[in-house]
Amino acid sequence: MTHRDQNGLKNKGLQSDGHYRNVDSERQVLIDSATWIVKVGSRSLTDDAGRLDPDQIANLATQLVALTQLGKQVVLVSSGAVASGMGKLGLASRPSDLATLQAVAAIGQTHLIQVYEQTFSAHGKHAAQILLTAAELDDRVAYLNVRNTLLRLLEMEAIPIINENDSVAVDELKTTFGDNDRLAGMVAGLFHASSLIILSDVRGLYDRDPRDAGAMVLSSVQRIDESIEDLVRDRKTGISKGGMASKITTAKFVTHSGQSAVIAWGREPDVLLRLAKGENLGTLFLPQGKTLASRKRWIGFSTQPSGSVVVDDGAAAAMKGGGRSLLAIGISDVEGDFGEGEVVSVVNRERVEIARGLSNYSSNQIRMIRGCRSDRIAQILGQCPYDEVIHRDNLAVV
């Protein structure tokens, strides 16, 4: 684990032009980022009773407008539809049955976007509502259509507001966390040179259980590895706990796509503006390598695998370290049923995912040629349209 805590940074004084001098070099990545995807959780938008807090929304919207005045493009991924609906309907507690939850979300979404629109209008901006489900971004054409729509909205200087379509997205409503974090990561993947800012009810990722005396927020994480993931696993069960697990998973995708991510406290005063000026707030997750092409970002995170192939150590090393294609000789097993051209997960012997890619062969064909040299494929299948099971151009290492 490579990181720094928040005691190891330079002093930063505010200059007359509103920018910070002596900005830490790691934080410069946020200043340089052209597009910010801001994800805000329900707890950052609600009061102690769990109802939508208009003052919090107004504060957030004001900061987003200020970011545009600093020259950034901003996209908001906002939770809060259920909380908004509860307030409109006068409900004292969150409904437990799915149909009622979906109905409450449908009512609340209208109110939520109205509050955003009223606030943005006061600053001469328009709110643009986009409701998505993860399944819609599984399709490459739909993925590109969403991207084109967002780009045009930004050209029009509107503020896109994206939410999981709670009235139809079952998984989001069965849990109290997870999907909007993942959705925000998918949205970040639509843009080049973007940063993902996750505003949460915690101040960042702690170096140990936050309840322990002396626990400190990590200022930066250079690589999300097992030691980082262990920070959000329960000590006794080993199971990831709370919303932090989904945030780390999302940050891992974003950073492996060559972009940066931040987890910060949503109620920190002027948190977005202070981050934009380089101030040390929250936990910054630094980019890993060069920015991936849009196609590889879609393969790696925005679509769901239809199955998986198990590879040996040599193939795993060739893909991860050498950027090589996956050949049949390196495959030891196949799991699931999928067709040619579908996205599959590539896992190592321990069943840990190391990559995703578009398969040139169906699962049944791969079962027949696994462990074989490429020059034997034609003999076994009667044809050899491809030497590679997954070509490196269609492979995203995760």
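The values are calculated or read from the model by the stated rules, or taken from the named source; none is laboratory data. Here the structure is a predicted model, which means the values were calculated and not measured. Note: ideal-geometry Cβ built from the backbone for every residue, glycine included; neighbour counts use all protein chains shown.
The table below lists the values:
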| quantity | calculated |
| --- | --- |
| Where Asn59 falls short, out of the listed (1) in contact with a Pro (Cβ under 9 Å, 6 or more places away or on another chain); (2) within 15 Å of Val115 (Cα to Cα); (3) touching a residue at least 12 places away in the same chain (Cβ under 8 Å) | (3) |
| Number of the condition not met by Phe253 [criteria: (1) surrounded by 22 or more Cβ atoms within 10 Å (Cβ to Cβ); (2) modelled with pLDDT of 90 or more; (3) not β-branched (Val, Ile, Thr)] | (2) |
| Hey, Glu117 among the charged types (D, E, K, R), surrounded by fewer than 21 Cβ atoms within 10 Å (Cβ to Cβ) and in contact with a His (Cβ under 8 Å, 6 or more places away or on another chain) or not | yes |
| Residue within region 13-20 that is at pLDDT below 90 and among the aromatic types (Phe, Trp, Tyr) present | yes |
| Test for Leu76: is it buried (at least 18 other Cβ atoms within 10 Å of the Cβ), touching a Lys or Arg at 6+ places or on another chain (Cβ under 9 Å) and within 30 Å of Asp32 (Cβ to Cβ) | yes |
| Candidate set from region 83-130 (those that are touching an Asp or Glu at 6+ places or on another chain (Cβ under 8 Å) and aliphatic (A, V, I, L, M)); member that is nearest to Arg43 (Cα to Cα) | Ala105 |
| Single match in Gly357, Gly341 (criterion: surrounded by fewer than 17 Cβ atoms within 10 Å (Cβ to Cβ) and either under 29 Å from Ala184 (Cα atoms) or out of contact with any strand residue (DSSP E or B) (no Cβ under 6 Å at 6 or more places or on another chain) (or both)) | Gly341 |
| Of the criteria (1) surrounded by fewer than 13 Cβ atoms within 10 Å (Cβ to Cβ); (2) among the aliphatic types (A, V, I, L, M); (3) at pLDDT 90 or above, which one Ile197 fails | (1) |
| Residue ID - farthest from Arg324 (Cα to Cα), chosen from residues in region 341-382 that are acidic (Asp, Glu) and in contact (Cβ under 8 Å) with a residue 24 or more places away in the chain | Glu342 |
| Scope region 375-398; condition polar (S, T, N, Q) and either modelled with pLDDT of 95 or more or surrounded by fewer than 16 Cβ atoms within 10 Å (Cβ to Cβ) (or both); matching residues | Gln379, Gln383 |
| Matching strands (runs of 3 or more DSSP E) fully within region 273-354 where at least 2 residues are within 30 Å of Pro210 (Cα to Cα) and hydrophobic (A, V, I, L, M, F, W, C) | 283-285 |
| So Ala66, is it touching a helix residue (DSSP H, G or I) at 6+ places or on another chain (Cβ under 8 Å), of a type in the set (Gly, Ala, Ser) and at pLDDT below 85 | no |
| Test result for Thr303, closer than 20 Å to Ser359 by Cβ, hydroxyl-bearing (Ser, Thr, Tyr) and modelled with pLDDT under 90 | yes |
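Yes/no per residue for (1) farther than 17 Å from Arg356 by Cβ; (2) out of contact with any Phe, Trp or Tyr (no Cβ under 8 Å at 6 or more places or on another chain); (3) of a type in the set (A, V, I, L, M):
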position	(1), (2), (3)
Phe285	yes, yes, no
Arg295	no, yes, no
Gly307	no, no, no
Val310	no, yes, yes
Ala316	no, yes, yes
Lys320	no, yes, no
Gly323	no, yes, no
